[in-house]
Each structure stands twice: as structure tokens, then as C-alpha cells.
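Input: a single structure, listed below in C-alpha cells.
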Amino acid sequence: MRHLWIGTFVLLAMLSLPPRVGLGADAPSHERIEDVIYGRKHGIALTMDVFKPREGAHGTGVIYVVSGGWYSAHEAINPEVFGELLKRGYTVFAVVHGSQPKFTIPEIIEDMHRSVRYIRHHAERFGIKPDRLGITGGSAGGHLSLMMGLAGRPGNPEAKDPVDREPSGVQAVACFFPPTDFLNYGQTGRDLFKALEEELAPFKAPFDFQEFDTQTRQFVLIRDLDRRREIAREISPVAHVTPDDPPTLIAHGNADTLVPIQQAEVVLEKLRTAGVPTRLVTREGQGHGWANWTADVAIFADWFDQHLRGQSGKQSTR
């Protein structure tokens, strides 16, 4: 059990690394707009911080999903993680979602849809083009990145809120070691509920799927196993692959015992079969994170340069 909790702490530590001198407060290379409210639910505000390069901005945005184990917090935002993107002129949106243990993964996914719609609707305000949006994150943040890439939704033209008329898809994905298939976790036929008794044991709360009982006026746990499996399928990026999905890159350690590299392999293989550009960056002998992992964000920046910059892009209608 000890290694499971270590994995949890590694995820959270990765989100809040101390800044390097190059990004210090004395001479910031970017403007930071804190606590931009992109939505509200249950009486609380959903926020993001926006980072705009002071020089060299080229109108391309990248969403950074602040999430480890589906835990998210404003204090976990640190530009060290995406400093390379800022240096290359990307405007970065660090999105904080409703966090576990209070909220479950289906609820968190709704927050992410809302954040993408909000950014796209306010593209002119942020100085970006609405059809040039990438997304990135690690672990749970990678999972949520893939959900926006592969399961983005069309806008509702009849929505009262103009933000909800915008689509929530993105044009490129690059992420670290994401869960992708909760019905085949680590091997074919091994579902989420077996994994929750083993390597995912520290992460049970975000999988406590609930529904609102209109008679008792309270939220109750969904206990029916078939329904729980259907929800697990619905929140699995691999279940949403189609030929019009965006170019997708994943970096993964082949010794990861928390999120097996099999999770990256299955979704990328399905994307390749569908004709979607993909790349797997394998880190030999590495687990769920590795020394100087932020250096690999340069590879992500290359990916975004290739698939977002200098192109008119195709705004997702999904």
C-alpha cells in the first residue's frame, strides 16, 4: 500500500514545483490574470488563471489542466510547469476544476467542457484565435485533456448563456501518463473496480458516482454495477475515438505501476487506426513521473508548434 500513497503525493508535488529564477517575480516574462471565473455551480465559482507572454504572443492558446488524482486547487498553479509554452509565445489557461473528494469525475468533466467554451467565447479578450486551442496536463490532467480532445461537444445554439453556444473541442492534445480505458485497466477485461481495490485505492472518491433522487431530494450513490460500468466507459477517452479527433501526443514511463503504459498504447493505437496523427514518447524504466519531467514540455511545445501554429486550424464542432 505504501507505494500507492507515494504515487498520490508525487502527483500533487508535480503540480506545485518551486519556480526557477528565470520565471521569478523580479522580471516576469508574462502577465498573470488570477481567478478568472469561467463558471459557477452549487454556489461556488470555477476559476482559471490566464498567463499571457509579454513578448512574442502569436494568438495560440493552450489549456493546462491543474489536476492530479482529480484533485485541483488554485495554489497548485505554477508557471514552472508550462514555462516553455510561455517562452514560445503561447497564452496558457491554467484551469482549476471542481475537486475530489467533493466532486466526481463526471462532474469534473462538465467543468472542463465549460472552461473550453468560456475560453473560446472570450478568445478576442484573451488575444487568441478560437480555432487554435491545445490542451495539456498530467495523469488525471492528462485524462481530462484527452476527454476534451476526443469527447468535445458541439455548442447549443439555443442556450441562454452565449458561452454554452460554443463547442468544447480542442485542436491538439499533448499530455503525460493519462488513464484512458477504465474497462481494460492494465490488461484486457480488468475493469476500474478491480483497480480500485489495488493501485487506484487512494482515488476512490472521484469514482463514487452519484445521482440526485428527486423524491428524497438528496444525492445517492449509484450501486448498480452495470450502470457503474457504463459510466466508467463514458469517462474513458478510448470510447470516444473518431477520425476527426485532434493530433494527440502522450509521454509515459514504461515502468508506471499507477497508470500502466498500456493505457497510452491502447488509445493511441485506436487513434492511429482512425487516421489521427499520434506520437508516444516512452521514458524507459520510469514510473509515474520522473526527474526533470518538465523538460519534456518542450516536446509538447514542438507538437503544438506543428499542429497549431501557422495553421488556420479547424474549430471543433464536437
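Toward the positive end of the charge dipole of the stretch 116-262, with +1 on the Cβ of Lys and Arg and -1 on the Cβ of Asp and Glu, the farthest Cα among VAL116, LEU200, TYR185 is that of VAL116.
Dipole size of the stretch 226-275 about its Cα centre, with +1 on Lys/Arg Cβ and -1 on Asp/Glu Cβ: approximately 140 debye, rounded to the nearest 20.
The ASN292 and GLN187 beta-carbon pair, evaluated with R₀ = 35 Å, returns a calculated FRET efficiency of approximately 0.70.
Legend: helices of the chain (whole DSSP H runs) are marked when their alpha-carbon atoms reach 20 angstrom or more along the helix axis and their mean Kyte-Doolittle hydropathy is at least 0.0; marked are 2-15. Net length available on complete extension from GLU211 to ALA159 is 16.3 nm, with 0.36 nm assigned per residue and the Cα-Cα distance removed. Loop-located GluC sites (Glu not before Pro) in the stretch 148-210 (DSSP state other than H, G, I, E, B) with a sparse environment of at most 12 neighbouring Cβ atoms within 10 Å: GLU158, GLU197. Normalising the average separation of contacting C-alpha pairs (under 8 angstrom, six or more residues apart) by the number of residues puts the relative contact order of the chain at 18 percent. Its DSSP H runs of at least 4 residues, each contributing -39,500 (n - 2.57), put the calculated 222 nm mean residue ellipticity of the chain at -8000 deg cm²/dmol, to the nearest 500. In a fully extended conformation the segment linking ILE44 and LEU196 would gain 51.8 nm over its present Cα-Cα distance, using 0.36 nm per residue. Electrostatic tally near GLY138: other residues with Cβ closer than 15 Å to its Cβ, Lys and Arg +1, Asp and Glu -1, net -3.
Name the residue, out of GLU34, GLU55, GLU211, whose mean-square fluctuation peaks in a Gaussian network model built on the chain with Cα pairs under 10 Å. Greatest mean-square fluctuation among the candidates belongs to GLU211.
Annotated for the chain: lysine pairs at least 8 residues apart or interchain, Cα distance under 20 Å, count 8.
If Lys and Arg each add +1 and Asp and Glu each add -1, what is the summed charge of the other residues whose beta carbon sits under 12 Å from the beta carbon of LYS270? Value of the local net charge: -3. Think of each Lys and Arg Cβ as +1 and each Asp and Glu Cβ as -1; about the Cα centre, that makes the dipole of the chain roughly 400 debye.
Peptide packing: for 129-137, 73-81, 280-288, 45-53, the average count of neighbouring Cβ atoms within 10 Å per residue gives the ranking 129-137, 45-53, 73-81, 280-288, highest mean first.
Taking packing as the residue-averaged number of other Cβ atoms within 10 angstrom, the listed peptides 244-254, 115-125 run from highest to lowest as 244-254, 115-125. Sorted ascending by nearby beta carbons within 10 Å, beginning with the fewest, TRP70, TRP293 become TRP293, TRP70. Ordered by the number of other Cβ atoms lying within 10 Å of each residue's own Cβ, fewest first, LYS194, LYS87, LYS160 fall into the sequence LYS160, LYS194, LYS87. Estimate the FRET efficiency between LYS204 and GLU34 by the formula 1/(1 + (r/R0)^6), using the beta-carbon distance for r and 22 Å for R0, to the nearest 0.05. That gives a FRET efficiency of 0.10. Given their separation in residues at 0.36 nm each and the Cα-Cα distance between them, GLU230 and ARG272 gain 12.6 nm when the chain is fully extended.
Rounded to the nearest 20 debye, the dipole magnitude of the stretch 218-318 is 260 debye, with +1 charges on Lys and Arg beta carbons, -1 on Asp and Glu beta carbons, and the Cα centre as origin.
Based on C-alpha pairs under 8 angstrom that are at least 6 apart in sequence, the stretch 39-154 has a relative contact order of 35 percent.
No lab work stands behind these numbers, since they all come straight from the coordinates. Quick caveat: nothing in here was measured; it's all calculated off a predicted structure. So basically every Cβ, Gly included, is an ideal-geometry build from the backbone, and we count neighbours across all protein chains shown.
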